[in-house]
Every structure is written in C-alpha cells, then in structure tokens.
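Let me begin by presenting the structure, written as structure tokens, before commenting on it.
Here, each number is a calculation from the coordinates, and none is a lab measurement. Keep in mind the model is a prediction, meaning the values are calculated, not measured. Neighbour counts run over all protein chains shown; Cβ positions are idealised from the backbone, glycine included.
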Amino acid sequence: MSKVTPDDPRYPTLVRGFNLRWVGAPSYVQVCAGTDDVVQAVQTAVDSNLRITVQSGGHCYENFAVGNDGGVIIDMAGLNRVYYDEAMQAYCVEAGCTLWNVYWNLYKEYGVVIPGGSCYSVGAGGHITGGGYGLLSRKYGLTVDWLYGVEIVVVDAVGNASAMVVTDGSTNSDDLNLLWANQGGGGGNFGIVTRFFFRELPPAPPEAHLVTLAWNWSSMTQSQFTTLVQRYGSFLQQNSAPGSPFDGLFALLHLTQQAAAQITLTVQYVGDQPALLNEFVDYINGDAVIGKVVPQTQAIGRHFFPLRTNDVTTLPWLFATQTLDGSGPNQRGKYKSAYMTQPFPDSQIETIWTWLTDPGFSNPQALLQVDSYGCAVNAVPSDATAVPQRSSIMKLQYQTYWNTEDQTAANLDWMRNFYDAMYGPNGPVPDGTMDGCYVNYPDCDLKDWAYLYYLGNYPRLQQTKATWDPNNIFNHAQSIVGRVS
C-alpha cells in the first residue's frame, strides 16, 4: 500500500482522470494492493472525516473519481489479478484490472471470456458495476448477467469498515440486494468492490471476422445519409430478438462530424455462419444506393484505424479484440447516451444530419456512435439486475474530443445543443422509441438522471443504499440517494 501526497512526484498524474478535463486536489491518494489495504484506507478516511472517491481505470466520463478536493482517492491499481478461486469455485477478477488484462488472462488460462467493452485500459471496477457491455454482448449478454458474487468493502452505521462477500447463493435478502445493486447500479454508490466472482463464463470464440466500411463525406448526400441510418436501424429492428441467428454480429456505426471526412461502419462477427456478415453488408449497401464504399483512411473519434480494407478479415478472436481494443490518446471529452427500442424516426435522422453538417462547428473528433444491441441482452428481465434497459436494439454514445481548454466551450455547446435538439430538455425519456441512458456514460447535464439511468429499479437501489451505506460515505454528483421505507 502506497500513500501518495502532494509532495510526491506521482501525485500530479494520479489525481488526473483519463479525461483530461478532470484534475483533483485530494489530501492524498491511497494506492491499494489488496482487500485489507482497502479496508484500512476506508477506515482511516472515515475516522479522519475525509471524503472517499475510488479510481480503477480512471475512465469515468464525469468528475466522479478524481474530483475530490481535500479528500482521499482510493486507487485500485494494485488489485490486478485474474485467477480461478478454488474456495469460491469461481473465476475472480480484481477491481483494478484493465479489460485487456481480463481478456488476455481469462483466454490464455481458461479459454473463457466476459462480454465486456472495447477500450483496453478501462478498469473492471467501474465497468462491471455499471453493467458492462461490448462486442460479444449480443451473443452473451451483459457482463453482470454472469456475475456470481462480489467482495465489497462497506461502512456500517457506526463507521466501521469491513469486507464481505455476497453471492447469488446468499440467503439474506439484504445481501442479495447488495449483489443486485452492483449488477448495474454504478460505481461509487454502496461501497468499494474489490473482487468480482464469475462461477460460469462463456467460451471465448476461436476466431472473429471483421469488416470496416467507409463512405466519404465529400460525396454523401442527405438522402444517402438518411438511407444508411434507416437501413442500419431496420436491420437491427429485425435481428435483435433473443436467439437471433445474427446474435454473433456486433456493429458500430460512426456518424462523424463532416470534418472527419468519412462515416464508418465497423462490424465483428463471431460464430459458425460467417456468411451472415456478408448478408448484413449487402443489406446496408449491397445496391450501392448509399454511395461508393471505400477503405477507412481517417481516425474515428479518439480511435485510429482498425482495418484499412473493405475485405472481410478473419483473425484469432484474441487478436481481433486487440485490433479493436483502443482507448486513444488522453484528451478532453464530453459524452452523452441513449437507448433505442426502435429505429430512428425521420425527424431524428434529419436532426443528426443538421448537427453533423453544422457549418459553425468543425471537429473531426465529434460523432454519434450507434452500437448494435439486443439479442442476449434482451433475454433478461428488466428487474433481474439493476440494468433496466432490456428491450433496446441500439445504444447511442454521443462523443466529442478536444485538446486545449480554449476549445471547451464550443465543444460543450455543440454537444448540448445537438442532444437537446434530439430529445428536448428532459432527455431520451422512454416513449416507445427511446429507453433512457447508460449509467456508465454519466452525464451531469441530465435533469432526471435517476429515472433515465435506472427507470423502475431506482426505488430498490435507494433502499439498498440506505441499508448498506446509511451515512452516505460513498457519494458523487449522481450517486444514489438512500431512503428508508
């Protein structure tokens, strides 16, 4: 365990998030290497009346992890092992692991996988507690759908910190609620998860088939753009039910701001019917109505070039994951999200076109990323985990990146105005087309964030908060507010 104070040369680095907008000024950073370290760090902070925040990979989109002036940042970097725990009879992922660390070790040691995200340096602690999804989720569901148990450090009503393990075999209802809450209730709410346990995990695919399509903005008409977005939504509407033969297909449509020069579509297929990948490509642009498909030559947001060819490339799954597993450079950024249960209405497509071609804003790193969704994700009831969005076909991530402080206002204005034009001041309220927002893409602009993230699951989360963190030790700008029934 290492205590990093302001006079330590490591301090300026450890108080920064991956998003360079966020820089904290804590009294110190406590770097922990084990569960006992975390218990001790939490107890010391509680006894000293110092606010606690937690950093795993540092990718929190808002200032929840490092934004802790005068308090204590508990850094989980030393808890970075992936192994099989004989006592628990489960695979164990420690909270400080990065996702690439998890994929690499689970694959090489055991041939299994978690259906997690596509940014290699994201930390397991935040990713899993917020739900966790990625390119295997249509086939295997969310990461938390496989979660058997957690080891978590909590603080009781009299201020005593301790570690406990809760599993789906627990018989106490409060324990089960705590596990359920950590299956998508978001990090920084109930305690500090130190270890995640998975009793069963799906087999890692032996190989993956990848293809990238790109269209040049210079030759894209509004009609072609509309057709592209319509076809993408239509395909997913038809092929996102649980058990779909296309569950092994995951697509990411990058609707970039026109300064990026290209719109791109990145697709991965895992399964025993790779011809389905060609069927999807033909559906999207088989008649070339959208325009000529060209190789990708431009970066996507903060990502670079997964493939520079339009040909299908087949790779061992681990290598394909490495190819797509980019986090990009540290920059400033702003993000927003939305779930969709139906394709984009025509009015929204027109709005997207308007804001991506806005002549008053030019940033090649601004985009709306539209991820495919559904299939195995939607096979789980909305109250089975804390993640309520279980009927969506697409998951949206609005993104913009920039380098210097003087560019901040323009990027935030563009993003906020674009989002308001899409949904109005209340955000993507469930209405038969929209289905709220993703807690792991937190957005402090949201007014009714508790409803948009959690929908009908919020009251149970509030009760769990009141039970397990009665003094609100773990809190941030959008942390759950406890209640007593």
Using the Cα gyration tensor of the stretch 2-75, the equivalent ellipsoid's semi-axes, largest first and to the nearest Å, work out to 18, 13, 12
Rh (Kirkwood, all Cα-Cα pairs) for the stretch 101-155, Å, reads 11.9
For LYS292, the aspartates and glutamates lying under 15 Å Cα to Cα, once residues fewer than eight places off in the same chain are dropped, come out as ASP282, ASP311
Under the 7 Å Cα-to-Cβ spin-label approximation, ASN278 and ASN330 lie apart by a distance in nanometres of 4.6
In Å³ per residue, the alpha-carbon convex hull of the stretch 269-397 encloses 177
With x for Gly and Pro, the residue-by-residue ³J(HN,Hα) of the stretch 194-200, computed from phi through the Karplus equation 6.51 cos²θ - 1.76 cosθ + 1.60 at θ = phi - 60° and given in whole Hz, is 9, 9, 10, 10, 10, 6, 10
Between ALA384 and ALA259, the FRET efficiency computed from the C-beta separation at R0 = 45 Å comes out, to the nearest 0.05, as 0.60
HN-Hα couplings for the stretch 372-382 via Karplus (6.51, -1.76, 1.60; θ = phi - 60°), in whole Hz with x for Gly/Pro, come out as 5, 8, x, 6, 4, 4, 7, 7, 9, x, 5
Amide H proximity to ASN363 below 5 Å, modelled H, separation 5+ or other chain, gives ALA259
Relative to the chain, whose Cα atoms define the longest principal axis, helix 35-47 and its Cα axis are tilted in degrees, nearest 10, by 70
Calc'd 3J(HN,Hα), the stretch 201-206, phi into Karplus 6.51 cos²θ - 1.76 cosθ + 1.60 (θ = phi - 60°), Hz, glycine/Pro = x, comes to 9, x, x, 5, x, x
Given Cβ charges of +1 for Lys and Arg and -1 for Asp and Glu, the option among TRP402, LEU213, THR313 whose Cα lies farthest towards the positive end of the dipole of the stretch 207-439 is TRP402
In degrees, nearest 10, the alpha-carbon axis of helix 458-468 is tilted away from the dominant principal axis of the alpha carbons of the chain by 30
Non-local residues with an amide H under 5 Å from the amide H of ILE74, with H modelled 1.01 Å from N and Pro and chain starts lacking one, are GLN30, THR53, VAL54, GLN55
Interchain or sequence-distant (5+) residues whose placed amide H lies within less than 5 Å of the amide H of THR194 are GLU151, ILE152, VAL153
The lysines whose Cα lies under 24 Å from the Cα of LYS108, excluding any fewer than 8 residues away in the same chain, are LYS139
tail above 42 Å in the computed P(r) of the chain, as % of all Cα-Cα pairs, reads 13
